[in-house]
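The values are calculated or read from the model by the stated rules, or taken from the named source; none is laboratory data. Because the structure is predicted, anything quoted here is derived from the model rather than measured. Backbone-built Cβ (ideal geometry, glycine too); neighbour counts: all protein chains shown.
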Amino acid sequence: MGLNFPDFFKRSSAGLLGIDISASSVKVVELLPGQKTAIRLERYAIEPIERGAINDGNVENPELVAAALGRAMRRLGTRTREVALAMPASAVITKRIMLPAGLPEEDYELQVETEASQYIPFAIEEVNLDFQILGPSAIDADEIDVLLAASRKEKVEDRVAVAEMCGLRAVVVDIDSYAARIALEHVASFLPNGGQGQIIAVFDIGQSVTTVSIILNGATIFEREQIFGGQDLTQDLMRLYGLSPEEAELKKRTGELPENYRVDVLEPYIERGVTDITRALQFFFTSTPYSRVDRIYLAGGACVVPGLCEGVSERTQVPAEILSPFQGMEIADTVRERQLRLDAPALVTACGLALRRFDA
Ligand SMILES: Nc1ncnc2c1ncn2[C@@H]1O[C@H](COP(=O)(O)OP(=O)(O)OP(=O)(O)O)[C@@H](O)[C@H]1O
Ligand SMILES: [Mg+2]
(Lines give C-alpha, C1' and ligand atoms only; values in the text may rest on other atoms or scores of the structure.)
(Ligands and ions follow the chains in the order given, each with its own letter.)
Protein backbone atom coordinates (compact mmCIF):
# COMPACT_ATOMS: atom_id res chain seq x y z
CA MET A 1 0.00 0.00 0.00
CA GLY A 2 1.57 3.25 -1.01
CA LEU A 3 0.88 6.82 -1.91
CA ASN A 4 1.69 6.58 -5.56
CA PHE A 5 1.43 3.91 -8.17
CA PRO A 6 3.36 1.69 -8.77
CA ASP A 7 4.30 0.61 -5.26
CA PHE A 8 7.79 0.02 -3.98
CA PHE A 9 6.86 -2.66 -1.52
CA LYS A 10 3.76 -4.28 -2.93
CA ARG A 11 3.66 -8.01 -3.39
CA SER A 12 1.93 -9.31 -6.47
CA SER A 13 0.19 -12.67 -6.54
CA ALA A 14 -0.60 -12.98 -10.25
CA GLY A 15 1.95 -13.82 -12.94
CA LEU A 16 4.92 -11.51 -12.73
CA LEU A 17 8.17 -11.02 -14.62
CA GLY A 18 11.24 -9.77 -12.80
CA ILE A 19 13.04 -7.28 -15.04
CA ASP A 20 16.49 -5.96 -14.17
CA ILE A 21 17.56 -3.11 -16.43
CA SER A 22 21.24 -2.68 -15.67
CA ALA A 23 24.36 -1.19 -17.21
CA SER A 24 25.15 -3.93 -19.70
CA SER A 25 21.91 -5.77 -20.30
CA VAL A 26 18.23 -6.34 -19.67
CA LYS A 27 17.58 -9.47 -17.65
CA VAL A 28 14.13 -11.03 -17.41
CA VAL A 29 13.12 -13.92 -15.14
CA GLU A 30 9.77 -15.71 -14.85
CA LEU A 31 9.12 -17.95 -11.87
CA LEU A 32 6.00 -20.12 -11.56
CA PRO A 33 4.73 -22.42 -8.84
CA GLY A 34 6.53 -25.77 -9.24
CA GLN A 35 5.22 -29.31 -9.12
CA LYS A 36 7.78 -30.90 -6.81
CA THR A 37 9.10 -27.74 -5.25
CA ALA A 38 7.39 -24.47 -4.41
CA ILE A 39 8.98 -22.54 -7.26
CA ARG A 40 10.04 -23.30 -10.82
CA LEU A 41 12.30 -21.25 -13.06
CA GLU A 42 10.11 -21.21 -16.14
CA ARG A 43 12.22 -19.04 -18.43
CA TYR A 44 14.77 -16.26 -18.52
CA ALA A 45 16.53 -14.05 -21.04
CA ILE A 46 19.52 -11.72 -21.03
CA GLU A 47 19.82 -9.22 -23.86
CA PRO A 48 22.69 -6.72 -24.17
CA ILE A 49 21.82 -3.02 -24.10
CA GLU A 50 23.64 -0.78 -26.51
CA ARG A 51 26.47 1.11 -24.82
CA GLY A 52 25.52 4.51 -23.45
CA ALA A 53 21.77 3.81 -23.39
CA ILE A 54 22.02 3.46 -19.60
CA ASN A 55 24.47 5.75 -17.91
CA ASP A 56 25.13 5.83 -14.19
CA GLY A 57 21.80 4.09 -13.60
CA ASN A 58 19.89 6.63 -15.70
CA VAL A 59 17.90 5.69 -18.78
CA GLU A 60 19.57 7.97 -21.34
CA ASN A 61 18.02 6.40 -24.41
CA PRO A 62 14.62 4.77 -23.71
CA GLU A 63 14.21 3.52 -27.31
CA LEU A 64 17.45 1.53 -27.21
CA VAL A 65 16.63 0.08 -23.79
CA ALA A 66 13.12 -0.85 -25.00
CA ALA A 67 14.66 -2.48 -28.07
CA ALA A 68 16.74 -4.74 -25.81
CA LEU A 69 13.74 -5.52 -23.62
CA GLY A 70 11.66 -6.24 -26.74
CA ARG A 71 14.29 -8.73 -27.96
CA ALA A 72 14.32 -10.38 -24.53
CA MET A 73 10.51 -10.64 -24.56
CA ARG A 74 10.48 -12.25 -28.02
CA ARG A 75 13.03 -14.83 -26.91
CA LEU A 76 11.09 -15.43 -23.72
CA GLY A 77 7.75 -16.06 -25.43
CA THR A 78 5.63 -15.56 -22.33
CA ARG A 79 2.10 -14.22 -22.05
CA THR A 80 2.75 -12.57 -18.71
CA ARG A 81 2.50 -8.80 -19.03
CA GLU A 82 2.81 -7.62 -15.43
CA VAL A 83 6.32 -6.85 -14.37
CA ALA A 84 8.44 -5.90 -11.37
CA LEU A 85 11.19 -3.37 -12.07
CA ALA A 86 14.01 -2.08 -9.90
CA MET A 87 15.50 1.33 -9.35
CA PRO A 88 19.22 1.58 -8.69
CA ALA A 89 19.77 2.05 -4.96
CA SER A 90 21.59 5.30 -5.71
CA ALA A 91 18.34 6.77 -7.11
CA VAL A 92 16.24 6.00 -4.03
CA ILE A 93 16.27 7.64 -0.64
CA THR A 94 15.29 5.24 2.12
CA LYS A 95 14.79 6.17 5.74
CA ARG A 96 13.58 4.35 8.84
CA ILE A 97 11.24 6.47 10.88
CA MET A 98 9.05 5.92 13.94
CA LEU A 99 5.34 6.75 13.98
CA PRO A 100 2.64 6.31 16.64
CA ALA A 101 1.13 2.79 16.69
CA GLY A 102 -2.54 2.06 16.00
CA LEU A 103 -3.41 4.81 13.52
CA PRO A 104 -5.80 4.26 10.59
CA GLU A 105 -4.00 3.56 7.29
CA GLU A 106 -4.84 6.99 5.79
CA ASP A 107 -3.25 8.75 8.75
CA TYR A 108 0.01 6.92 8.11
CA GLU A 109 0.03 8.12 4.54
CA LEU A 110 -0.29 11.69 5.72
CA GLN A 111 2.32 11.29 8.45
CA VAL A 112 4.75 9.63 6.08
CA GLU A 113 4.36 12.49 3.65
CA THR A 114 5.03 15.05 6.36
CA GLU A 115 8.06 13.14 7.68
CA ALA A 116 9.42 12.47 4.21
CA SER A 117 9.53 16.13 3.30
CA GLN A 118 12.30 16.53 5.88
CA TYR A 119 14.57 14.03 4.20
CA ILE A 120 13.90 14.59 0.54
CA PRO A 121 15.73 17.32 -1.30
CA PHE A 122 12.90 17.69 -3.88
CA ALA A 123 9.33 18.96 -3.78
CA ILE A 124 7.02 16.20 -2.55
CA GLU A 125 5.03 16.43 -5.83
CA GLU A 126 8.17 15.42 -7.72
CA VAL A 127 8.73 12.13 -5.90
CA ASN A 128 7.30 8.65 -5.84
CA LEU A 129 6.85 7.99 -2.16
CA ASP A 130 6.08 4.66 -0.56
CA PHE A 131 6.30 3.12 2.87
CA GLN A 132 6.28 -0.20 4.61
CA ILE A 133 5.33 -0.84 8.23
CA LEU A 134 8.18 -2.89 9.68
CA GLY A 135 6.61 -3.68 13.06
CA PRO A 136 6.60 -2.50 16.65
CA SER A 137 9.50 -0.27 17.62
CA ALA A 138 12.12 -1.80 19.88
CA ILE A 139 12.68 1.60 21.48
CA ASP A 140 9.14 2.69 22.31
CA ALA A 141 6.13 0.37 22.71
CA ASP A 142 3.72 3.10 21.55
CA GLU A 143 5.54 3.53 18.26
CA ILE A 144 6.04 1.46 15.13
CA ASP A 145 9.02 1.38 12.77
CA VAL A 146 8.26 2.47 9.24
CA LEU A 147 10.53 2.30 6.22
CA LEU A 148 9.98 5.02 3.68
CA ALA A 149 11.33 5.03 0.16
CA ALA A 150 11.34 7.95 -2.22
CA SER A 151 12.59 8.37 -5.74
CA ARG A 152 12.35 11.16 -8.32
CA LYS A 153 9.13 10.59 -10.27
CA GLU A 154 10.83 11.19 -13.60
CA LYS A 155 13.45 8.50 -12.86
CA VAL A 156 10.75 5.96 -12.01
CA GLU A 157 8.71 7.00 -15.03
CA ASP A 158 11.72 6.54 -17.34
CA ARG A 159 11.82 2.87 -16.44
CA VAL A 160 8.05 2.36 -16.37
CA ALA A 161 7.92 3.94 -19.85
CA VAL A 162 10.47 1.43 -21.20
CA ALA A 163 8.22 -1.39 -19.98
CA GLU A 164 5.17 0.28 -21.53
CA MET A 165 6.93 0.61 -24.89
CA CYS A 166 7.07 -3.21 -24.84
CA GLY A 167 3.41 -3.60 -23.88
CA LEU A 168 4.25 -4.40 -20.26
CA ARG A 169 2.72 -3.01 -17.09
CA ALA A 170 4.94 -2.22 -14.12
CA VAL A 171 3.04 -3.26 -11.00
CA VAL A 172 6.04 -3.24 -8.67
CA VAL A 173 9.01 -0.91 -8.58
CA ASP A 174 11.59 -2.16 -6.12
CA ILE A 175 15.12 -1.11 -5.21
CA ASP A 176 17.77 -3.28 -6.87
CA SER A 177 19.72 -3.99 -3.69
CA TYR A 178 16.51 -5.00 -1.88
CA ALA A 179 15.54 -7.37 -4.67
CA ALA A 180 19.02 -8.90 -4.59
CA ARG A 181 18.69 -9.39 -0.84
CA ILE A 182 15.36 -11.21 -1.28
CA ALA A 183 17.13 -13.61 -3.65
CA LEU A 184 20.00 -14.05 -1.20
CA GLU A 185 17.56 -14.76 1.64
CA HIS A 186 16.00 -17.46 -0.53
CA VAL A 187 19.44 -19.06 -0.98
CA ALA A 188 20.41 -18.60 2.69
CA SER A 189 17.22 -20.41 3.73
CA PHE A 190 18.88 -23.63 2.47
CA LEU A 191 21.90 -23.19 4.77
CA PRO A 192 22.04 -25.03 8.10
CA ASN A 193 19.71 -23.29 10.55
CA GLY A 194 18.44 -21.10 7.69
CA GLY A 195 21.75 -19.21 7.70
CA GLN A 196 20.98 -17.68 11.09
CA GLY A 197 24.08 -16.36 12.84
CA GLN A 198 26.19 -16.61 9.68
CA ILE A 199 28.02 -13.57 8.36
CA ILE A 200 27.59 -13.75 4.60
CA ALA A 201 29.52 -11.53 2.18
CA VAL A 202 28.17 -11.06 -1.34
CA PHE A 203 30.35 -9.57 -4.08
CA ASP A 204 28.25 -8.61 -7.11
CA ILE A 205 30.79 -8.16 -9.90
CA GLY A 206 28.97 -6.43 -12.73
CA GLN A 207 29.97 -4.45 -15.78
CA SER A 208 32.11 -1.77 -14.15
CA VAL A 209 31.30 -1.90 -10.45
CA THR A 210 31.50 -4.49 -7.69
CA THR A 211 28.88 -4.07 -4.98
CA VAL A 212 29.86 -5.56 -1.65
CA SER A 213 27.09 -6.38 0.83
CA ILE A 214 27.65 -8.19 4.09
CA ILE A 215 24.59 -9.67 5.71
CA LEU A 216 23.81 -11.11 9.12
CA ASN A 217 20.37 -12.49 10.02
CA GLY A 218 18.73 -10.80 7.04
CA ALA A 219 20.14 -7.35 7.85
CA THR A 220 22.83 -5.61 5.80
CA ILE A 221 25.71 -4.77 8.15
CA PHE A 222 28.16 -3.41 5.57
CA GLU A 223 27.83 -2.05 2.06
CA ARG A 224 30.36 -0.60 -0.34
CA GLU A 225 31.06 -0.17 -4.03
CA GLN A 226 34.40 -0.81 -5.70
CA ILE A 227 35.55 -0.03 -9.19
CA PHE A 228 36.11 -3.48 -10.64
CA GLY A 229 34.03 -5.30 -13.21
CA GLY A 230 33.84 -7.40 -16.34
CA GLN A 231 34.43 -4.36 -18.52
CA ASP A 232 38.05 -4.14 -17.30
CA LEU A 233 38.76 -7.54 -18.85
CA THR A 234 36.89 -6.66 -22.05
CA GLN A 235 38.98 -3.51 -22.40
CA ASP A 236 42.24 -5.42 -21.81
CA LEU A 237 41.26 -7.75 -24.66
CA MET A 238 40.38 -4.88 -26.97
CA ARG A 239 43.65 -3.10 -26.28
CA LEU A 240 45.96 -6.11 -26.45
CA TYR A 241 44.41 -7.98 -29.37
CA GLY A 242 42.86 -5.08 -31.30
CA LEU A 243 39.31 -6.46 -30.93
CA SER A 244 36.02 -4.57 -31.19
CA PRO A 245 33.95 -4.43 -27.97
CA GLU A 246 31.58 -7.07 -29.38
CA GLU A 247 34.42 -9.41 -30.38
CA ALA A 248 36.12 -8.98 -27.02
CA GLU A 249 32.84 -9.66 -25.20
CA LEU A 250 32.32 -12.85 -27.20
CA LYS A 251 35.89 -14.19 -27.00
CA LYS A 252 35.99 -13.55 -23.28
CA ARG A 253 33.18 -16.08 -22.97
CA THR A 254 34.43 -18.65 -25.47
CA GLY A 255 38.09 -18.32 -24.41
CA GLU A 256 39.17 -18.48 -28.07
CA LEU A 257 42.17 -16.24 -27.57
CA PRO A 258 45.92 -16.33 -28.20
CA GLU A 259 48.04 -18.57 -26.03
CA ASN A 260 49.43 -15.81 -23.84
CA TYR A 261 45.89 -14.79 -22.79
CA ARG A 262 45.87 -16.84 -19.62
CA VAL A 263 49.17 -15.69 -18.18
CA ASP A 264 49.32 -12.14 -19.56
CA VAL A 265 45.69 -11.07 -19.26
CA LEU A 266 43.42 -13.36 -17.28
CA GLU A 267 45.73 -14.07 -14.34
CA PRO A 268 46.58 -10.39 -13.65
CA TYR A 269 42.86 -9.55 -13.93
CA ILE A 270 41.96 -12.23 -11.43
CA GLU A 271 44.76 -11.10 -9.15
CA ARG A 272 43.27 -7.60 -9.15
CA GLY A 273 39.80 -8.93 -8.38
CA VAL A 274 41.03 -11.15 -5.56
CA THR A 275 43.08 -8.29 -4.07
CA ASP A 276 40.09 -5.94 -4.22
CA ILE A 277 37.85 -8.47 -2.49
CA THR A 278 40.43 -9.18 0.20
CA ARG A 279 40.83 -5.43 0.83
CA ALA A 280 37.06 -4.97 1.13
CA LEU A 281 36.95 -7.66 3.81
CA GLN A 282 39.86 -6.06 5.66
CA PHE A 283 38.00 -2.76 5.56
CA PHE A 284 34.91 -4.50 6.92
CA PHE A 285 36.93 -5.90 9.84
CA THR A 286 38.58 -2.60 10.71
CA SER A 287 35.47 -0.43 10.33
CA THR A 288 32.92 -2.63 12.14
CA PRO A 289 32.89 -4.64 15.38
CA TYR A 290 32.94 -7.89 13.37
CA SER A 291 36.07 -9.96 12.92
CA ARG A 292 34.98 -12.83 10.71
CA VAL A 293 33.06 -13.75 7.58
CA ASP A 294 31.63 -17.27 7.37
CA ARG A 295 30.80 -17.51 3.70
CA ILE A 296 31.41 -15.63 0.48
CA TYR A 297 29.05 -15.62 -2.50
CA LEU A 298 30.14 -14.22 -5.85
CA ALA A 299 27.41 -12.79 -8.05
CA GLY A 300 27.17 -10.64 -11.19
CA GLY A 301 27.97 -11.65 -14.74
CA ALA A 302 31.71 -11.19 -14.36
CA CYS A 303 32.18 -13.56 -11.42
CA VAL A 304 32.24 -16.68 -13.61
CA VAL A 305 35.66 -16.04 -15.18
CA PRO A 306 37.62 -19.22 -14.57
CA GLY A 307 39.82 -19.10 -11.47
CA LEU A 308 38.28 -16.11 -9.72
CA CYS A 309 36.14 -17.97 -7.22
CA GLU A 310 38.97 -20.40 -6.36
CA GLY A 311 41.37 -17.46 -5.97
CA VAL A 312 39.02 -15.69 -3.58
CA SER A 313 38.53 -18.79 -1.49
CA GLU A 314 42.27 -19.46 -1.29
CA ARG A 315 43.35 -15.93 -0.42
CA THR A 316 40.60 -15.16 2.10
CA GLN A 317 40.47 -18.64 3.62
CA VAL A 318 36.68 -18.31 3.59
CA PRO A 319 34.53 -20.80 1.63
CA ALA A 320 33.51 -19.01 -1.57
CA GLU A 321 30.96 -20.10 -4.13
CA ILE A 322 29.15 -18.69 -7.12
CA LEU A 323 25.65 -17.63 -6.17
CA SER A 324 22.75 -19.24 -7.97
CA PRO A 325 19.49 -17.58 -6.97
CA PHE A 326 17.60 -20.58 -8.36
CA GLN A 327 18.80 -22.98 -5.69
CA GLY A 328 16.07 -25.36 -4.57
CA MET A 329 13.88 -24.50 -7.57
CA GLU A 330 12.69 -26.77 -10.34
CA ILE A 331 14.16 -25.82 -13.68
CA ALA A 332 11.88 -26.00 -16.73
CA ASP A 333 13.00 -28.42 -19.47
CA THR A 334 13.34 -25.57 -21.93
CA VAL A 335 16.09 -23.92 -19.86
CA ARG A 336 19.57 -25.03 -20.89
CA GLU A 337 21.31 -26.00 -17.66
CA ARG A 338 24.87 -25.45 -18.86
CA GLN A 339 24.13 -21.91 -19.97
CA LEU A 340 22.13 -21.31 -16.80
CA ARG A 341 25.18 -22.14 -14.67
CA LEU A 342 27.03 -19.27 -16.36
CA ASP A 343 24.08 -16.87 -16.35
CA ALA A 344 22.59 -17.54 -12.90
CA PRO A 345 24.88 -15.22 -10.89
CA ALA A 346 23.93 -12.31 -13.18
CA LEU A 347 20.24 -12.99 -12.55
CA VAL A 348 20.19 -12.39 -8.80
CA THR A 349 18.32 -9.08 -8.94
CA ALA A 350 15.90 -10.22 -11.68
CA CYS A 351 15.17 -13.37 -9.65
CA GLY A 352 14.60 -11.35 -6.48
CA LEU A 353 12.09 -9.24 -8.41
CA ALA A 354 10.33 -12.30 -9.81
CA LEU A 355 10.14 -13.73 -6.27
CA ARG A 356 7.77 -10.90 -5.40
CA ARG A 357 4.86 -13.03 -6.58
CA PHE A 358 5.71 -15.60 -3.90
CA ASP A 359 5.73 -14.95 -0.21
CA ALA A 360 9.42 -15.71 -0.13
N1 LIG B 1 30.08 -16.21 -19.31
C2 LIG B 1 30.75 -15.09 -19.00
N3 LIG B 1 32.10 -15.10 -18.92
C4 LIG B 1 32.79 -13.98 -18.62
N5 LIG B 1 32.22 -12.79 -18.39
C6 LIG B 1 30.89 -12.71 -18.45
C7 LIG B 1 30.09 -13.85 -18.76
N8 LIG B 1 28.79 -13.48 -18.75
C9 LIG B 1 28.78 -12.16 -18.45
N10 LIG B 1 30.05 -11.69 -18.28
C11 LIG B 1 30.46 -10.31 -17.98
O12 LIG B 1 29.67 -9.80 -16.92
C13 LIG B 1 29.56 -8.40 -17.05
C14 LIG B 1 28.11 -7.99 -16.85
O15 LIG B 1 27.68 -8.43 -15.61
P16 LIG B 1 26.25 -7.99 -15.06
O17 LIG B 1 25.24 -8.34 -16.06
O18 LIG B 1 26.11 -8.54 -13.69
O19 LIG B 1 26.48 -6.43 -15.00
P20 LIG B 1 25.40 -5.28 -14.91
O21 LIG B 1 24.45 -5.62 -13.83
O22 LIG B 1 24.87 -4.99 -16.26
O23 LIG B 1 26.30 -4.06 -14.53
P24 LIG B 1 26.41 -3.24 -13.18
O25 LIG B 1 26.09 -4.18 -12.07
O26 LIG B 1 27.83 -2.74 -13.20
O27 LIG B 1 25.39 -2.15 -13.34
C28 LIG B 1 30.05 -8.02 -18.43
O29 LIG B 1 31.30 -7.40 -18.31
C30 LIG B 1 30.16 -9.38 -19.13
O31 LIG B 1 31.22 -9.40 -20.04
MG1 LIG C 1 24.29 -5.51 -11.74
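Give the residues of region 293-307 that are more than 16 Å from ligand 2 (Cβ to nearest atom) and surrounded by 14 or more Cβ atoms within 10 Å (Cβ to Cβ), sorted by residue number.
Within region 293-307, Val293, Asp294, Arg295, Ile296, Gly307 qualify.
When region 210-233 is examined, which residues are found to be of a type in the set (Asp, Glu) and either under 15 Å from the mean Cα position of the chain (by Cα) or part of a strand (DSSP E or B) (or both)?
The answer is Glu223, Glu225.
Of Ala180, Ala150, Ala163, which residue is crowded, with 21+ Cβ neighbours inside 10 Å, at negative phi and within 16 Å of ligand 2 (Cβ to nearest atom)?
The conditions single out Ala180.
Among all residue pairs at least 6 apart or on different chains, which show Cβ distances below 7 Å where the first residue, located in region 337-360, is on the phi > 0 side of the Ramachandran plot and in the same structural domain as Val28 (by TED's automatic domain parsing) and the second is of a type in the set (A, V, I, L, M) and within 15 Å of ligand 2 (Cβ to nearest atom)?
The qualifying pairs do not exist here.
Has region 58-76 got any residue that is outside the structural domain of Asp145 (by TED's automatic domain parsing) and in a loop (DSSP other than H, G, I, E, B)?
yes
Criterion first (buried (at least 21 other Cβ atoms within 10 Å of the Cβ), in contact with a helix residue (DSSP H, G or I) (Cβ under 9 Å, 6 or more places away or on another chain), farther than 19 Å from Gly352 by Cα and not charged (D, E, K, R)) does Thr210 satisfy it?
No.
Does Arg51 qualify as being within 16 Å of ligand 1 (Cβ to nearest atom) and at pLDDT below 95?
yes
Within region 336-358, how many residues are outside any helix (DSSP H, G or I) and surrounded by fewer than 17 Cβ atoms within 10 Å (Cβ to Cβ)?
1
Within region 228-248, identify whether any single residue is more than 21 Å from Gly52 (Cβ to Cβ), more than 16 Å from ligand 2 (Cβ to nearest atom) and without any contact (Cβ under 8 Å) to a residue 12 or more places away in the chain, and answer yes or no.
Yes, region 228-248 has at least one match.
Could you say which residue among Pro306, Pro268 is touching a residue at least 24 places away in the same chain (Cβ under 8 Å), farther than 20 Å from Val187 by Cβ and not assigned by TED's automatic domain parsing to the domain that holds Leu69?
Pro306 is the lone residue from the list that is touching a residue at least 24 places away in the same chain (Cβ under 8 Å), farther than 20 Å from Val187 by Cβ and not assigned by TED's automatic domain parsing to the domain that holds Leu69.
Please state which of the following conditions Glu42 fails to meet, knowing it meets all the rest: (1) away from ligand 2 (no atom under 14 Å from the Cβ); (2) touching a Gly at 6+ places or on another chain (Cβ under 6 Å).
So the condition that Glu42 fails would be (2).
Determine whether region 117-129 contains at least one residue that is in a strand (DSSP E or B), among the polar types (S, T, N, Q), within 23 Å of Ile175 (Cβ to Cβ) and not assigned by TED's automatic domain parsing to the domain that holds Asp176.
yes
Return a yes/no flag: does region 166-175 have any residue that is in contact with a Gly (Cβ under 8 Å, 6 or more places away or on another chain) and at pLDDT below 95.
yes
Could you tell me which residue of region 308-323 is surrounded by the most Cβ atoms within 10 Å (Cβ to Cβ), considering only residues that are of a type in the set (A, V, I, L, M) and in a strand (DSSP E or B)?
Restricting to residues being of a type in the set (A, V, I, L, M) and in a strand (DSSP E or B), the top hit is Ala320.
Any residue in region 22-45 that is farther than 15 Å from Thr78 by Cα sitting within a Cβ distance under 7 Å of a residue that is charged (D, E, K, R) and within 16 Å of ligand 1 (Cβ to nearest atom)? List the pairs, counting only those 6 or more apart or interchain.
Filtered contacts from region 22-45: Ser25/Glu47; Val26/Glu47.
Determine which single condition Ala280 fails, assuming it passes every other condition in (1) more than 25 Å from Ala219 (Cβ to Cβ); (2) not in a loop (DSSP other than H, G, I, E, B).
(1)
Which condition does Asp333 not pass, out of (1) outside any loop (DSSP other than H, G, I, E, B); (2) closer than 26 Å to Val29 by Cβ; (3) away from ligand 2 (no atom under 16 Å from the Cβ); (4) free of Cβ contacts under 8 Å to residues at least 40 places away in the same chain, if it passes all the others?
Every listed condition holds for Asp333 apart from (1).
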